[in-house]
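Colleague: Let me give you the structure first, and then I'll get to my questions.
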Amino acid sequence: MSSLLLAIVGAGKADSLMQLAKESGSSGGTILRGRGTASSSLLCLLGLGDADKEVLLTLVDDGVEQTVWDALSRFPHTRGLLASVPASRNEDHPVVKEHAFDLVYMICASGFADDIMAVARKAGAGGGTIMEGRGTATSEDIDFFSASLVPEKEMLIILLPHTERDAVMEAVSKLPFLQEEGSGIAFSVPVQKVATLR
């Protein structure tokens, strides 16, 4: 069995965390760029308060998971969030039945994640992290001078208390721009452990 450790930290901090994770037993990971959402709707509207973020993803086996977790959660030079999500390559993985938090992932067309975050905040979410990406090749892609133009996407990640997950996902699903087929997807995974990095 394995766990996916996810750390959301300020820009420029994930490399140090990845080095520490490797020293503690992780074989490697992925660092993604993103931005944190402002802590209030007013700051978001004014374009203030958003911060550049990095998201570190590292898959670790159970034998080293606690060692890597302890090292990352005690890292003294950064602030952020650390979460552990169960991961497995087969069907024998036990489902996390009792959990206090969920990670909610929402993937949408570029430019809509801030609107989704505003609705999620009204439904009880505190904040989230937005990452940019692109869609994979589909029949809707446009051929342009022998190259395919693929739709730009955004992924919003929100850590929520398990009891608030359904209300947030329900509120977001009612947004008019998400009513068309293929306009977005939302899913959640249970979180085994969560810690704040200080």
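What follows draws every value from the coordinates through simple rules; no lab data is involved. Since the structure is predicted, the reported quantities are computational estimates derived from the model, not experimental observations. Neighbour counts run over all protein chains shown; Cβ positions are idealised from the backbone, glycine included.
Colleague: I need the calculated FRET efficiency for the pair ASP166 and VAL194, taking r as the beta carbon distance and R₀ as 30 Å, to the nearest 0.05.
Modeller: 0.95
Colleague: Return the whole-Å distance between the Cα centroid of the stretch 157-198 and the Cα centroid of the stretch 110-135.
Modeller: Each part's Cα centre sits 9 Å from the other's.
Colleague: With a Förster radius of 41 Å, plug the Cβ-Cβ distance of LEU20 and GLU152 into 1/(1 + (r/R0)^6) and report the FRET value to the nearest 0.05.
Modeller: Computed FRET efficiency for LEU20 and GLU152 comes out at 0.80.
Colleague: 5 Å is the cut-off here: which amide hydrogens, built 1.01 Å from N in the peptide plane, fall below it relative to LYS153, excluding neighbours closer than 5 in sequence?
Modeller: SER110, GLY133, ARG134, GLY135
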